[in-house]
Amino acid sequence: MKKWAMILAVLLAVLTASAALAEDVAGDWYLHLYGLNEGSAVCFSAFSELGLKWDLTLREDGGGHAVVNLPTLGVKADDPLTWTREGDKLTIVVRGAAQEYTLADGKLTTMIEGTKNVWLRGELPPEYVEGVPFVTGLSAADFDGSWQCVRVTLEEESLMPVEITDIEARFELENGAGWLVLTRESGQEVGVELTGQLAETEDGTVLTVRPLDENATPSTRFMLREDGVLVGLDDVEGATYTYYCRKVESE
């Protein structure tokens, strides 16, 4: 009797674990980043208002749908799919073609014809949401903290958002001054000392920081949004870079 009880307990644990795995990935996923690598990718989400989409719906029973709408390429489809999972690897089959995905950090990633694609689910991260008002009446101390750059866009003639994350950037600010810390892929850190100046505008409080070494980098104009995202702007050779930063909470 004890033997059968142990077998049932093991089976129940296996079934529960399998259900948990399904719940981890079941839901609606939308294509977020598309590019040669995640370090220099087009933010696909930014074009959703144009009707562009590449959505994956994964059901707990291993079925689902893939919905693609790319008007500029004349591609529109709504196909059933099946999926299986082994650890952090998913295999999704659409129209008989199997594609392997990796699940990590709440993202699904895959390579299609040498191009990396990243899917997300749930709400769009706040740094990708536009139109959030800026805060007014701030002091220099209100910008204090360690700010990790989580998104960079480059506006040129094409107005195409470009993700630039090959080099990590962090702004360490204290009472209007601080450091810009750049970390390369090798782990090497480069620091640029900054000094700042506060000003009040109709749109919000602006903290303009510039390097003590005037030949180092251009100045950056920071404004704090109501949702807590720090947004910085600078102009380099006619191109406007926008930096979106999240505050790193101390442990």
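Only the coordinates and a few stated rules stand behind these numbers; no lab work does. Quantities reported herein were computed from a predicted structural model and do not represent experimental measurements. Here the Cβ positions follow ideal geometry from the backbone for every residue, glycine too, while neighbour counts run over all protein chains shown.
Structure summary
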| quantity | calculated |
| --- | --- |
| Efficiency of FRET from Cβ geometry, Ser139 and Asp28, R₀ 35 Å, rounded to 0.05 | 0.25 |
| Cβ-derived FRET efficiency at R0 35 Å, Asp88 paired with Arg184, nearest 0.05 | 0.85 |
| Per-peptide average of other Cβ atoms within 10 Å, ordering 204-212, 100-108 highest first | 204-212, 100-108 |
| Karplus-derived 3J(HN,Hα), 6.51/-1.76/1.60, for each residue of the stretch 194-201, Hz, glycine and proline x | 10, 10, x, 9, 9, 8, 10, 10 |
| From phi via Karplus (6.51, -1.76, 1.60), per-residue ³J(HN,Hα) for the stretch 115-124 in Hz, x at Gly/Pro | 10, 7, 10, 10, 9, 10, 9, x, 7, 5 |
| Karplus 3J(HN,Hα) series, Hz, for the stretch 204-211 with 6.51 cos²θ - 1.76 cosθ + 1.60 (x for Gly, Pro) | x, 6, 10, 10, 9, 10, 9, x |
| Nitroxide proxy distance, nm - points 7 Å out along Cα→Cβ at Asp235 and Glu193 | 2.9 |
| Net length gained if the chain between Asp79 and Thr109 were fully extended (0.36 nm per residue, minus Cα distance) | 8.8 nm |
| Gap separating the Cα centres of the stretch 88-159 and the stretch 50-65, nearest whole Å | 18 |
| Rounded FRET efficiency, nearest 0.05, which uses the C-beta distance separating Arg95 from Gln148 and R0 of 30 Å | 0.15 |
